[in-house]
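**Student:** This structure is in structure tokens; I'll ask about it shortly.
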Amino acid sequence: MKNFIQRIIIGICLVFPLKGLNASESEHKAIEDKEFNANEFIFDHIADSHEFHIATLPNDHHITVPLPVILYSKKSGLNIFLSSKLAHGHEYKGFELKDDGEYKGKIIEHTEDEELYVPLDFSITKNVFSMLLTAVLILWLFISLGNTYRKTGISEPRGIQGFIEPLILFVRDDIALMTIGKEKYEKFMPYLLTSFFFIWISNMIGIIPFFPFGANVTGNIAVTMVLAMFTFVITQVSAGKDYWKHIVAMPGVPFWLAPIMIPLEIIGLISKPFALMIRLFANITAGHIIILSIISLIFIFKSIFVAPASIAFVLFMDVIEMLVAVLQAYVFTLLSALFIGLAVKEEH
Amino acid sequence: MDLLTPGIGLIFWSTLIFIFLLIVLRKYAWKPILNAVKSREERIKGALESAEEVREEMARLKTDNELIIKEAKEERNQLLQEGREIKEKIIDVAKGQANDEAKKIIEAARVKIESEKEYAISEVRKQVAILSVEIAEKILKQKLADKRDQKQLIENYLKEIKLN
């Protein structure tokens, strides 16, 4: 969360010019010692991390929130401990968190025979923590909403209902009903709604630059891969006869074309979730990179006078990112529904 | 590149979290929300439909009423027409009867007058006859006072008879 402290500093600079100048001077000194590396700074932010980094103080002291590390290796079995044990390159039970090099950001295990071994890492990382937070938020919001509906029944929507209900209706009417159709859409509504709100709220939480928010969850390829896999699996499981017929033996195509057609169809099959995965990942990561780059400009130019322009641009980008957050959730849900709709469609 | 390599831990956790979310939300959030929204929509639809039905019913009743009023008016007119006709007929009949009666009365009066007249005439004749006889008697008495006159008269009569 380097950009957090930087934004705070910039904010102070704008409100208290003299004091701020001093503060930023000292910050500059701290960074100058290591020579500010925008590339490292940006990729540190968008990558996952074993701890929640809040700020780096001028005396190079880090304020971090440690997160649980859960490791499984064949040699030492299951190991659970806090990430603070591995801070500053400390070794704990033979485990070491690499700061640079080939295994940068990964935990490796030292063994007696001096071999490096990478254990399976099931740690509650920054992203997992953020996902859990999102899950709690979503559960709290929608279960209480569900209870309200259960209690008030069919009376007119009140309060938060009035905000959420149009979105639910939007997912139902403009996504599910349009692409899947009246007969079969109901079965897929829970998945579409869950993915829509999960992606949207994750995106929104990713934009907020304060602890405990700001993790780049939906800009992580593992998360988008899992989401795309869900769409893929649901599509294949619910696919009808016609769908498989189109893949194995496309009607109206001569049989001798099958050796070409079948691999093509299979590529099409895989490329759909692949596109879903890349689109979400790239869009959200790109947004984070742009915002961080504009922030970095201040430190690259080492000038306080760049700050107002940077802030204005960051503000502008934040607003655009809020739009992108809901847009990408919509696109993901719409395409998922489209793929499902294509799979369940029956020709007459 | 590290950015494009999905880590096993994140795959595991995100799968777990997402499945958990899916199951819990489906049961406790999406089902009640979607059901409530659906039943509300159905109720609104039903209400609109029944309103439409009522409207149609009203329109039908209105046309019915108009029809009834029209029929009633026609019937009234017809009744009035009939009454008028009956009145005229009655008047006609009465007139005819009155005429006939009057004619009869007049006829009877005429007959009576005729018979009275005849009676009166005959009465007058009788009187005249009596009077003339009396007058003749008086004249004869006067005239036949003289013997010569009597003789002459008898001769006149006799002459007349001879002539016959």
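**Student:** By how many nm would the segment from A:VAL253 to A:ARG150 lengthen if fully extended, with 0.36 nm per residue of separation less the alpha-carbon distance?
**Tutor:** Numbers: separation 103, 0.36 × 103 = 37.08 nm, distance 5.25 nm.
Full extension of this stretch gives 31.8 nm more.
**Student:** Along each of the three principal axes of the Cα atoms of the protein assembly as shown, give the extent in whole Å, ordering the values from largest to smallest.
**Tutor:** Per principal axis, max minus min of the Cα coordinates gives 224, 76, 42 Å.
**Student:** Between exposed GluC sites (Glu not before Pro) in chain A, where DSSP calls loop and at most 11 other Cβ atoms lie within 10 Å, what's the longest gap?
**Tutor:** It works out to A:184-345.
**Student:** Still on this structure: For the range B:37-163, report the % of Cα-Cα distances exceeding 27 Å.
**Tutor:** More than 27 Å apart: 72 percent of the Cα pairs in the range B:37-163.
**Student:** With r defined as the distance between the Cβ atoms of B:GLU42 and A:ILE320 and R0 fixed at 51 Å, what FRET efficiency is calculated, to the nearest 0.05? It would help to have the intermediate numbers written out before the result.
**Tutor:** Values: r = 40 Å, r/R0 = 0.79.
Between B:GLU42 and A:ILE320 the formula returns 0.80.
**Student:** While we're on this one: For the range A:68-121, what is the relative contact order in percent, using Cα pairs closer than 8 Å and at least 6 residues apart in sequence?
**Tutor:** 29
**Student:** Counting only other chains, and only Cβ atoms inside 10 Å, what mean value do you get across the residues of A:184-194?
**Tutor:** 4
**Student:** OK, next. Which whole-number percentage describes the relative contact order of the range A:126-344, with Cα contacts under 8 Å and a sequence gap of 6 or more?
**Tutor:** Details: 185 pairs, mean separation 69.4, N = 219.
Contact order relative to length: 32 percent.
**Student:** Compute the FRET efficiency between B:TYR157 and B:GLU116 as 1/(1 + (r/R0)^6), taking r as their Cβ-Cβ distance and R0 = 45 Å, and round to the nearest 0.05.
**Tutor:** Between B:TYR157 and B:GLU116 the formula returns 0.70.
**Student:** Additional query: Points 7 angstrom from Cα along the Cβ direction at A:GLU265 and B:ALA136: gap in nanometres?
**Tutor:** 16.2
**Student:** Would you mind counting up the charge near B:ARG43? Only other residues with Cβ under 12 Å from its Cβ, with Lys and Arg at +1 and Asp and Glu at -1. List each step's numbers first, then the result.
**Tutor:** Numbers: positive: B:LYS38, B:ARG40, B:LYS45; negative: A:GLU156, B:GLU41, B:GLU42, B:GLU49.
After counting each charged neighbour, the total is -1.
**Student:** Is there a simple number for the mean count of other chain Cβ atoms within 10 Å of the Cβ of residues in A:154-162, and what is it?
**Tutor:** 2
**Student:** For B:ARG60, project a label point 7 Å along Cα to C-beta. Then give me every residue of the range B:31-52 with its amide nitrogen under 17 Å of that point.
**Tutor:** B:49-52
**Student:** I've got another one for you. For the pair A:ALA87 and A:ILE290, how long in nm is the line joining their label points, each one 7 Å along Cα→Cβ?
**Tutor:** Between A:ALA87 and A:ILE290, the simple spin-label model gives 3.6 nm.
**Student:** Which trypsin sites (Lys or Arg not before Pro) in the range A:177-209 pass both tests, a DSSP loop state and at most 13 other beta-carbon atoms within 10 Å?
**Tutor:** A:LYS182
**Student:** Within 10 Å of each residue's Cβ, count the other Cβ atoms and sort A:ILE294, A:ILE54, B:ILE139 from fewest upward.
**Tutor:** B:ILE139, A:ILE54, A:ILE294
**Student:** Near A:LYS187, which aspartates and glutamates are there with a Cα under 20 Å away, not counting those fewer than 8 places off in the same chain?
**Tutor:** A:GLU165, A:ASP173, A:ASP174, A:ASP242, A:GLU346, A:GLU347, B:GLU41, B:GLU42
**Student:** Over the range A:175-295, calculate the relative contact order: mean separation of alpha carbon pairs under 8 Å at least 6 apart, over the residue count, as a percent.
**Tutor:** It rounds to 28 percent for the range A:175-295.
**Student:** Give the average, rounded to an integer, of partner chain Cβ atoms located within 10 angstrom of each Cβ in A:276-282.
**Tutor:** Per-residue shielding by partner chains comes out at 1.
**Student:** Please compare each pair in A:LYS104/A:LYS302; B:LYS87/B:LYS112; B:LYS138/B:LYS162; A:LYS151/A:LYS184; A:LYS75/A:LYS98; A:LYS74/A:LYS104 to a cut-off of 31 Å on the Cα-Cα distance and tell me which ones are over it.
**Tutor:** B:LYS87/B:LYS112
**Student:** Using the beta-carbon distance between B:LYS143 and B:ALA102 and R0 = 51 Å, what value does 1/(1 + (r/R0)^6) give for FRET efficiency, to the nearest 0.05?
**Tutor:** Approximately 0.30, to the nearest 0.05.
A short reminder: the numbers here are calculations on the coordinates, not readings from a lab. Keep in mind that this is a model prediction, so the values were computed, not measured. Cβ atoms come from the backbone with ideal geometry, glycine included; neighbour counts cover every protein chain shown.
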